[in-house]
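Structure first, commentary second.
Rule-based calculations on the coordinates, nothing more; no lab input. No experiment lies behind these values; they were computed from the predicted model shown. Every residue, glycine as well, gets a Cβ built from its backbone with ideal geometry; the counts of neighbours run over all protein chains shown.
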Amino acid sequence: TTTPARQETAAAESLHGAVGGGVLQGGIPTVDMSAPRAGGRAALSRQVARACGEHGFFRAVGHGVPPGPAASLDSATAAFFALPPGEKQRAGPPSPLGYGCRSIGFSGDVGELEYLLLPANPAAVAHRARTIDATDPSRFSAVVNEYIEAVRQLACEILDLLGEGLGLKDTRCFSKLITNTDSDCLLRINHYPPSCTVHKLDHDDQCKIKSLVSTKASSNGRNLSTAGGRVGFGEHSDPQILSLLRANDVDGLQVLLPDREGKEVWVQVPPDPSAFFVNVGDLLQALTNGRLVSIRHRVIATACRPRLSTIYFAAPPLHAKISPLAETITANAPCRYRPFTWAEYKKTMYSLRLSHSRLDLFNID
Ligand code: GA4
């Protein structure tokens with residue numbers, strides 16, 4: 001049978017199929033980072049910049065990240081999520097980092113998930129590991145750090161390709177922001193319980209709170225119909241520079257893409273455990289004066305198996321000044337955003353709901 005979600009995917013595929021010309025595969029913008037192509041690196045950089053400019057999102061295949069660190073991290077975190085609730089709570093609450101269950105941020109958002117939010121700086125990971133894996137904290141921190149190092153390299157490569165594809169003078173200006181020793185990068189590991197009724201009660205018991213998830217409300221009036229699924233993680237854009245998501249073979253991720261008439265539609269992203277899904281964040285949209293767009297996405301749980309996803313959020317240091325690069329401001333594209341620091345942006349985002357279009361607050365009118 002064809003589920004409503006599958007119909008959405010099929011509709012989006014036919015809507016987008018003709019538009020993408022080379023970047024879209026099965027309706028999803030895809031970049032094979034290993035494929036030799038005519039035009040070499042210059043062509044690859046244009047392809048990455050185009051995906052991030054048109055969609056704010058792409059599936060990276062042939063990315064060169066070895067599977068070993070990801071497999072070790074997945075088994076370490078699966079062991080953590082299998083612990084009794086009381087033991088997991090010792091690593092929480094997420095304020096803002098640590099273990100969290102259902103509650104997201106500080107403004108009343110909830111989702112059908114439990115998660116770990118970790119700093120991506122080796123010393124801080126070692127400190128956190130003591131509460132996450134009391135029996136073998138040094139192994140846990142080694143596994144997390146090895147994964148972060150591999151993914152950081154991929155993030156830098158993508159950011160350098162973006163610098164080249166946009167024709168910037170300093171092609172490394174984005175990657176420099178995230179490799180700075182004070183950068184505020186994060187790792188998020190999400191565990192979405194099976195969402196069919198048979199397993200639902202187990203998870204309600206794990207979190208020891210009642211479900212508060214609403215599938216109707218929307219701050220911006222867009223229809224948030226979830227086609228019978230439960231909201232795992234509600235609609236939002238990522239605030240940082242770039243996010244790299246990897247998940248197991250259980251679906252749930254949806255991205256908001258415009259169709260041919262410019263109407264926004266939710267597109268179901270088929271799972272691909274060997275790929276990274278790359279999102280442009282709000283800061284990259286601001287730095288490029290809107291040439292790259294931060295995409296809205298969400299997770300709707302429909303599967304009978306748990307979904308495990310790991311997301312690396314590449315962020316600058318707290319004091320970094322974010323303002324549109326001079327090269328992106330032209331007579332036809334006047335400066336859209338006022339300067340702000342990442343610390344200022346973080347303070348704003350933690351005071352708002354998950355779905356808020358927070359970058360709009362920094363628009364120059
Ligand atoms: C969305 C992206 C990341 O998961 C995150 C989230 C953060 C949190 O879970 O604490 C936020 C959310 C995210 C943006 C708005 C605020 C902060 C929850 C929330 C309601 C870790 C992040 O950096 O921003």
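Quick notes on this structure:
- Dipole-positive endmost among Ser323, Ala43, Ser195 within the chain (Cβ charges, Cα centre): Ser323
- Computed from label points 7 Å out along Cα-Cβ, the spacing between Ala326 and Arg338 is 2.3 nm.
- Inter-label distance for Ser75 and Leu318, nm, one decimal - labels placed 7 Å from Cα along Cα-to-Cβ: 3.8 nm
- Annotation for the range 16-87 versus the range 139-160: alpha-carbon center distance of 14 Å.
- Treating r as the C-beta distance of Ala82 and Ile364 and R0 as 35 Å, the FRET efficiency rounds to 0.10.
- Classification of the chain by its C-alpha gyration tensor yields a rounded form. The axis ratio a/c (a ≥ b ≥ c) stays under 1.5.
- Set Lys176/Lys321; Lys176/Lys347; Lys169/Lys347; Lys263/Lys347 screened for pairs whose C-alpha atoms are more than 25 Å apart: Lys169/Lys347; Lys263/Lys347
- Fraction of antiparallel bridges per DSSP, the chain only, in percent to nearest 5: 95 percent
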